[in-house]
1. What's the number of the condition residue 126 fails, among (1) surrounded by 10 or more Cβ atoms within 10 Å (Cβ to Cβ); (2) farther than 23 Å from residue 14 by Cβ; (3) modelled with pLDDT under 85?
2. Between 77, 18, 47, which is within 23 Å of residue 101 (Cα to Cα) and not in a helix (DSSP H, G or I)?
3. In segment 20-33, is there at least one residue being out of contact with any strand residue (DSSP E or B) (no Cβ under 6 Å at 6 or more places or on another chain), surrounded by 12 or more Cβ atoms within 10 Å (Cβ to Cβ), farther than 19 Å from residue 116 by Cβ and without any contact (Cβ under 8 Å) to a residue 60 or more places away in the chain?
4. Has segment 92-112 got at least one residue that is at pLDDT below 90, assigned to a helix (DSSP H, G or I) and under 16 Å from residue 29 (Cβ atoms)?
5. Check segment 56-66 and report whether any residue there is in a helix (DSSP H, G or I), in contact with a helix residue (DSSP H, G or I) (Cβ under 6 Å, 6 or more places away or on another chain) and surrounded by 14 or more Cβ atoms within 10 Å (Cβ to Cβ).
């Protein structure tokens, strides 16, 4: 086949750029990825809530080993979700930027999730309005 007859089409990946603490990441916004996010985020929040209860009980009884284990579980789940949403290695980069303060990392991530949700809602509303104008 000659080059003149070649039809070439590329794909534009759907990625929402994100900047946290001066670091650039991208949220893949295709349906496959959105479905993964929607299934994993509630699990993360559930584990965090469970471990908060464990930490509270362990604090009251002075069981510091249980507190450390609960904190490790929380960090592991948060790492998995952040790496899923923002890309492999993102959690470690954010922890370095936050001087290993996981509360700062979780807070920033939840803020990104909230802003992303608002952006999606706004885009859906605009799409609906644009459809009505036609």
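1. (2) is the only condition that residue 126 fails.
2. 18
3. Checked against the condition, which is being out of contact with any strand residue (DSSP E or B) (no Cβ under 6 Å at 6 or more places or on another chain), surrounded by 12 or more Cβ atoms within 10 Å (Cβ to Cβ), farther than 19 Å from residue 116 by Cβ and without any contact (Cβ under 8 Å) to a residue 60 or more places away in the chain, segment 20-33 yields no hits at all.
4. Looking through segment 92-112, none of the residues is at pLDDT below 90, assigned to a helix (DSSP H, G or I) and under 16 Å from residue 29 (Cβ atoms).
5. For segment 56-66, residues in a helix (DSSP H, G or I), in contact with a helix residue (DSSP H, G or I) (Cβ under 6 Å, 6 or more places away or on another chain) and surrounded by 14 or more Cβ atoms within 10 Å (Cβ to Cβ): present.
The values are calculated or read from the model by the stated rules, or taken from the named source; none is laboratory data. Values in this document were obtained by computation on a predicted structure and should not be read as measured data. Because the Cβ atoms are built from the backbone with ideal geometry, glycine has one as well, and the counts that use them run over all protein chains shown.
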